[in-house]
Every structure is written in structure tokens, then in C-alpha cells.
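Down below is the structure, laid out as C-alpha cells.
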2 protein chains.
Amino acid sequence: MSGIRERTRQAVAREITEAANALFIDRGYEATTIDDIATAVGMSRRNVFRYFPTKEDLVLGKLDYLVEELVDGFRARPENEPVWQSLRAIFDLLVPHIDTLDKDFVAAPMQRVVFSNPNLFASYLVKQQRMQEVVVTLLHERAADHDRPYPTGDPTPRAVTAAAFGCLVAAQQAWLESGTAGTFATALDEAMAAVAPQAHG
Amino acid sequence: MSGIRERTRQAVAREITEAANALFIDRGYEATTIDDIATAVGMSRRNVFRYFPTKEDLVLGKLDYLVEELVDGFRARPENEPVWQSLRAIFDLLVPHIDTLDKDFVAAPMQRVVFSNPNLFASYLVKQQRMQEVVVTLLHERAADHDRPYPTGDPTPRAVTAAAFGCLVAAQQAWLESGTAGTFATALDEAMAAVAPQAHG
DNA sequence: GCAATTGTTGTCACTCAGTGTCAACCACGC
DNA sequence: GCGTGGTTGACACTGAGTGACAACAATTGC
């Protein structure tokens, strides 16, 4: 394990994403073809698809592995903490990916690319829905542990989760629109405080 | 105005969507090509694209004109009604499109097609985001009329709107998962009651 | 009525994302 | 050294979506 193959594969993947991001920021997402990216890193078009199944994954692929972090983060929260508070807490695991130190060079521009391209934004929202599905099962788990399981067909856990993730996106949009003024964490605090459901579960 | 051209255009559009929906429900969205739809209605592939710019619009196109209804609906609400209540009220304009009388024949199956296909679901979420943008401007309007405009960069209106639309999707998912038991309106009531933000604006 | 205009359709050719296949190559275990 | 399996390039293919052009039908002005 972890021989040359693993390492070169990792390195090639990095090289591709970096070249792709540069092109996306420079001339736009739609205007950049996979061929452009392939020639930029000096390989065949076919091979790019062997590293990233779709063009969207070149931008949003790293989001997938964040799901596990969210799960671990939620399980680490105190059992009887209000749900809304637990959700706010696990979102802190996403904050560094949004509000990074180099934000003006890569992070924020790439987020603008995502939010301005319908296809990418769509893919982003769907990935968040996947995260929500996982969180919903966690809420069911916790409720069952308290001997207060949700009735079958009860939309409550989904609704609370969707509301929280809605706040996440809203905060991100507002923060980007403000020219990344202040920290993203405070924007998220404001957004989630503005909703703050009464049913804390 | 309203000559033969307008009417036939309307009729042809209907014919295409009906043929498309039937194929989508029957053999699935991905498995149905535009060619299949074109031959089903006896026209060229190219012409289908002259009626519907994308394949997704064959399913979700009608959602676009609902935005105006939402705007009118919101403006018709009492000025000092709590925001959450106003949002719940305008969602009633969407209810008939989800929970129709023929639900077991076309409506519910098509919703399952949308929710089970990542591309369609993505497009659905983006269209909802568009609706949200409009609603957010309405919230700003109302706040300004009360001489309590939101500070610039405040994520509050976005957050509350996103939370409400999150409840909408959550309710729809829960309702479909339950085999469309009960009415969708009650599922939506439960979902929105479960969140019910304290800040009513 | 008829001509000029405008909308609709079919056909062809094209771009680009994504997939399947095959042969050549290179790291790895033995 | 040698077979195994992962990596790569090359080629061919499907399917969504676009642009251009010619043929035809509907509309408008006269």
C-alpha cells in the first residue's frame, strides 16, 4: 500500500484540479472544455475522466468525503444538546473549506464560479441534499436513543435539517455578496439565529 | 393574436410533454432519448428542442410561470402578518400542483421521476432557488415598507426563506415516501410547524 | 385576390460531455 | 526475470444541445 502508484495518482489528481480551477476562474466554467484541461496538464482527454467521473467533480468532488466528517462530528455532540445547536456545531467543520486564508485567490473565486453556474450550483445543492439525508438518519438515531423516535412519515427531522442547510447556503450567498466582509462563521451565526426553530427535539 | 399559430403551438407543446411524461414514467428519464420522444409524436428531434430548450424543461418547464403567482400571492398577504405565516400561505398556491386529484396516475409518478433522478432533482432545486431569490426581494420590500429595512449583508431574509423552502422539499419527500398518505398540505403544515422560527419579522 | 413577411419544420453538420474497448506500458509481488 | 494488475493513449461511439439553410404555411398589407 501507499506505493508510487497511490502517490502519483494523488499528485496527478491535484495537478488536474489545479489546472482546471485556474482555467475555470480565468475564462469561466462553460467556456473551458475537458480538452483544454487535458492539454493544459499534457494528457489525453480520456484520462481526465479516469480521475474525475464528471466535469462537475473537478470542482465539487472534494465535497463527498466531508459527509463522514459530519457524521463523526454529530456523533461527538452531547446526546441531549438541542438539535439546532448540534447542527450549528457540525457546520463548523465546513467553515474552513469556505472561509480559508487564501480566500481571495482561490476559495472565494471558485465559490463564485459555483454560485454563478447553474449546472455547478445544481450539483452543489444535490450534494448538500445527500448530506441532509445522512443527517436525517442521525436525527432518527438520536431520537430513538431517547426513546422518543419520530413517527413514521413525520417530516420533522427532514424539515429541521433542510432549514439548517438552507441557512448554510443563505449565509454563504450573503457572505459572498458582501465581498466576503467579516468572517463566514458570523454570517452563519446570524442566519441560524434568525431561524432558530422552537422545536429543539 | 391568438390565431392558428398560437393554438397549434400550445397544442403541440402539450402533445410533446404528454408523450414525454408517458415515456419517462414507463421506461425512465435517462433511458428515454429526445429521439424517442420525437418519433413518438412524429416530428424531428430538432423540433422538440424548438419547443423545450432542454430535456429537463420537458418535466420542469411549467414551474417557471409559478414564480409570478407566488409574487402576487405574497403581495396579497396582510402587511403585518408574520413572515413564516405568509410563506406558509403562498405555498398553498403550489399545493394543487403537487397533490392533484389524478395524483396516482401522473403527478406522483412524475414527482418520483424528479426525486429519483439526480439531474432532474438538481434542476428542481435550482428552480426553487430562483423562487427564493424573488421571495427574498419581497421580504426586503415589506421590511422597507415598515421602515425596518434589513441591514445590507444581513443573511436573515435569505435564511428564513431558505428554511421555508427547505420545509417544502422535506414535506414533499416525506409525503412521497409515505406513499402519498394523507394530504400534502398537512405534511407541509407539520414540516413548517416543526421549524417555526422565533424571528417572525 | 396576391405579394412580401414572418413563423414552423426538416435536414445536415457540428461541439462537447461521457462511455466502452483494446493494445501498449509500467509498477509490483514472487 | 516474469506474470499480474493498474495506468495510459487512441479510437469509436451515444446523446444533449446549437447553428445554418431551404421548403413550406400562416399572416399582414395592399
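Summary for A:D104: label point 7 Å along Cα→Cβ; distances to the equivalent points in the other copies, ascending, 6.3 nm. Using alpha carbons only, how many degrees (0 to 90, rounded to 10) separate the axis of helix A:107-116 from the longest principal axis of chain A? Its long axis makes an angle of about 80 degrees. Ignoring solvent entirely, what values of log10 I(q)/I(0) come out of the Debye formula for the stretch B:72-201 at 0.21, 0.22 Å⁻¹ when each Cα is a single scatterer? Summing over Cα pairs of the stretch B:72-201 leads to -1.28, -1.37. With all pairs of different C-alpha atoms in the average, the Kirkwood value for the hydrodynamic radius of the protein assembly as shown is 23.1 Å. Per-residue mean of foreign Cβ neighbours for B:171-178 is 4 (Cβ atoms of other chains, 10 Å radius). Against chain A, whose longest principal axis is taken from its Cα atoms, helix A:184-195 shows a tilt of about 40°. Counting lysine pairs in the protein assembly as shown that sit 8 or more residues apart in sequence, or on different chains, and whose Cα atoms lie under 27 Å apart gives 16.
Note on A:A22 and A:K62: the model spin-label points, each 7 Å out from Cα along the C-beta direction, lie 1.6 nm apart.
I'd like to know which of B:P109, B:A122, B:V160 lies farthest towards the positive end of the charge dipole of the stretch B:109-165, counting +1 on Cβ of Lys and Arg and -1 on Cβ of Asp and Glu. Going by the Cα projections, it comes out as B:P109.
With 0.36 nm allotted per residue and the present C-alpha distance subtracted, the A:E133-A:R112 stretch has 5.0 nm of extension available. Between rounded, prolate and oblate, where does the stretch A:78-149 land on the alpha carbon gyration tensor, with a ≥ b ≥ c its root eigenvalues, rounded for a/c under 1.5, else prolate if a/b exceeds b/c? Judged from the Cα gyration tensor, the stretch A:78-149 comes out oblate (a/c at least 1.5, b/c at or above a/b). Projected over all directions and averaged, the alpha-carbon convex hull of the stretch A:19-70 occupies 3.9 nm².
Between copies, the label points of A:E68, set 7 Å from Cα on the Cα→Cβ line, lie 5.1 nm apart, reported in increasing order to one decimal in nanometres. Across peptide B:119-130, the average count of Cβ atoms from other chains found within 10 Å of a residue's Cβ is 5.
Each of A:Y65, B:Y51 was scored by other Cβ atoms within 10 Å of its Cβ. Listed from fewest to most, they are A:Y65, B:Y51. The stretch between A:D145 and A:D104 holds 10.4 nm of extra length on full extension. This uses 0.36 nm per residue minus the Cα-Cα distance.
Placing dummy labels 7 Å off each Cα toward the beta-carbon, the span from B:T39 to A:V12 is 3.9 nm. So what's the angle, to the nearest 10 degrees on a 0 to 90 scale, between helix A:118-145 and the longest Cα principal axis of chain A? Once rounded, one gets 30 degrees. Based on the Kirkwood radius over alpha-carbon pairs, what is the Stokes-Einstein translational diffusion coefficient of the stretch A:42-87 at 20 °C with 1.002 mPa s viscosity, in µm²/s? For these conditions, the coefficient is 161 µm²/s.
Tally Lys/Arg at +1 and Asp/Glu at -1 over every other residue whose Cβ is under 13 Å from the Cβ of B:Y150; what's the total? Result for the neighbourhood of B:Y150: -3.
Of the residues B:R158, B:R50, B:R77, the one that moves most in a GNM of chain B with alpha-carbon contacts below 10 Å is B:R50. Helical content of chain B, expressed as a calculated mean residue ellipticity at 222 nm, amounts to -21500 deg cm²/dmol (DSSP H runs of 4 or more residues, -39,500 (n - 2.57) each, divided by residue number, nearest 500). In this assembly of identical copies, the label point of B:Q85 (Cα plus 7 Å along Cα-to-Cβ) is separated from its counterparts by 3.0 nm, sorted shortest first. Stokes-Einstein diffusion for the stretch B:1-121, with the hydrodynamic radius set to the Kirkwood value over Cα pairs and evaluated at 25 °C in a medium of 0.890 mPa s, equals 150 µm²/s.
Structural descriptor for the stretch B:46-126: relative contact order 26 percent, calculated from alpha carbon pairs under 8 angstrom and at least 6 residues apart.
Read the figures in this text as sums done on the coordinates, not as results from a lab. Everything numeric here is computed off the predicted structure, so don't read it as measured data. Using ideal geometry, Cβ is built from the backbone for each residue, glycine included, and neighbour counts are taken over all protein chains shown.
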